[in-house]
1. Looking at the stretch 120-161 from every direction and averaging, what is the projected area of its Cα convex hull in nm²?
2. Would you calculate, for the chain, the mean residue ellipticity at 222 nm contributed by helices, counting each DSSP H stretch of 4 or more residues as -39,500 (n - 2.57) and dividing by all residues, to the nearest 500?
3. What do you get for Rg/Rh over the chain if you use C-alpha atoms and the Kirkwood form of Rh?
4. Modelled label-to-label distance, residue 262 and residue 130, 7 Å Cα→beta-carbon offset: nm?
5. With the alpha-carbon atoms as the only input, what is the per residue convex hull volume for the stretch 242-284 in Å³?
6. Could you name the aspartates and glutamates in cross-link range of residue 134, using Cα to Cα under 17 Å and dropping any fewer than eight places away on the same chain?
7. Using packing as a proxy for protection, rank 34-42, 219-227, 249-257, 180-188 so that the peptide with the highest average count of other Cβ atoms within 10 Å comes first.
8. Could you size up the charge dipole of the stretch 1-77 around its Cα centre, putting +1 on the beta carbon of Lys and Arg and -1 on that of Asp and Glu, and report it in debye to the nearest 20?
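The values are calculated or read from the model by the stated rules, or taken from the named source; none is laboratory data. Predicted model only: the values in this text are computed from it and were never measured. FYI the Cβ positions are ideal-geometry reconstructions off the backbone, even for glycines, and counts take in every protein chain you see. What goes into the accessible areas is simple: the full protein's heavy atoms, side chains included, and nothing from ligands, DNA or RNA. Shrake-Rupley method; radii C 1.70, N 1.55, O 1.52, S 1.80 Å.
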Amino acid sequence: MTMIIDCHGHYTVLPKAHDDWREAQKAAFKAGEAAPPYPDISDDEIRETIESNQLRLIKERGADMTIFSPRASAMAPHVGDQSVAVKWAQVCNDLIARVVGLYPEVFAGVCMLPQSPEADMTSSIAELRRCVDKGFIGCNLNPDPGGGHFSHPPLTDEFWFPFYEAMCELDVPAMIHVSGSCNPAMHATGAYYIAADTIAFMQLLEGDLFSRFPNLRFIIPHGGGAVPYHWGRYRGLADMLKKPDLSGHLMNNVFFDTCVYHQPGVNLLADVIDNKNILFGSEMVGAVRGIDPTTGFYFDDTKRYVDALDISDDERHAIFEGNARRVFPRLDAQLKDRGQ
């Protein structure tokens, strides 16, 4: 029987004390003072937030497990300085570890990184190692830590190579995921996220990253941004730039999720992109929380879209379970240890 693994979940409704501490941390930085101690948060407070939100919806919508990371819009590495970013990443990731500890059969941890815009990747490497030691299976990598200005070098630049070396050593993938937008010209979830996904794919196309790092694996979320819809454009650009065919150039290392919030969009994704490159994801409770008036179902109830695809049972198994276990080998090992 297929296990339904959601590759894209965020802890979006958190204990109030956690959010209050973040506001105090930001205020302290602005005032030039030390942040207050992080509060004690009980297991019961965590259970209340999880059981009323993600856990309830996972059960209602028929999933089995969610790959879970801190709230994306609040990662905000551009806030404060590197010391602020490091502490914020640590407390957010520790909260994810506690959720996984309370519900180990339902959640698997993915960490955020302290990517302060003025810093190199040294602190991010340290945080990745710390979290993998806690049992985390991957990370969220922000290609634009500045929050909407795209001033960082492309993902193929040597700036990122030390981090990629750590990823390959630890055998963990990264979801390419920006955070909140501080650019008023870019709405965070409607413009910035989708633009960043698309930009990341084009950066990878222009380079030759995977010949240097053949085991590096990236998930580009939100259905790959605009990429599947413009697949012919990217195939043509690869040809014009004298790059190999995309099937070998990128698609052994790049994967898309199903966080596309209508049936025609998921149909197109599955028609254009090989099923081996698609991982089930919902992003709930996240960017779009309402009910689609044309269907009567929640926009982010993405399992029903995959259920409705005209594909074989083997292909559906790959999207729901097989591909996630292949892309996240540490998850596969954890599941095998549990006899799953």
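1. 3.3
2. Details: 15 runs with 142 residues, N = 340.
Here the helix-only value at 222 nm equals -12000 deg cm²/dmol.
3. Ratio of gyration radius to Kirkwood radius for the chain: 0.94.
4. Each label point lies 7 Å from its Cα, and together they span 4.3 nm.
5. Numbers: hull volume 3.5 nm³, N = 43.
Hull volume over Cα atoms, normalised by residue count, gives 81 Å³.
6. Output for residue 134: 94, 105, 169, 171, 332, 337.
7. The densest-packed peptide leads the list: 219-227, 249-257, 180-188, 34-42.
8. Working: 9 positive and 13 negative charges, 67 e Å.
Computed about the Cα centre, the dipole is about 320 debye.
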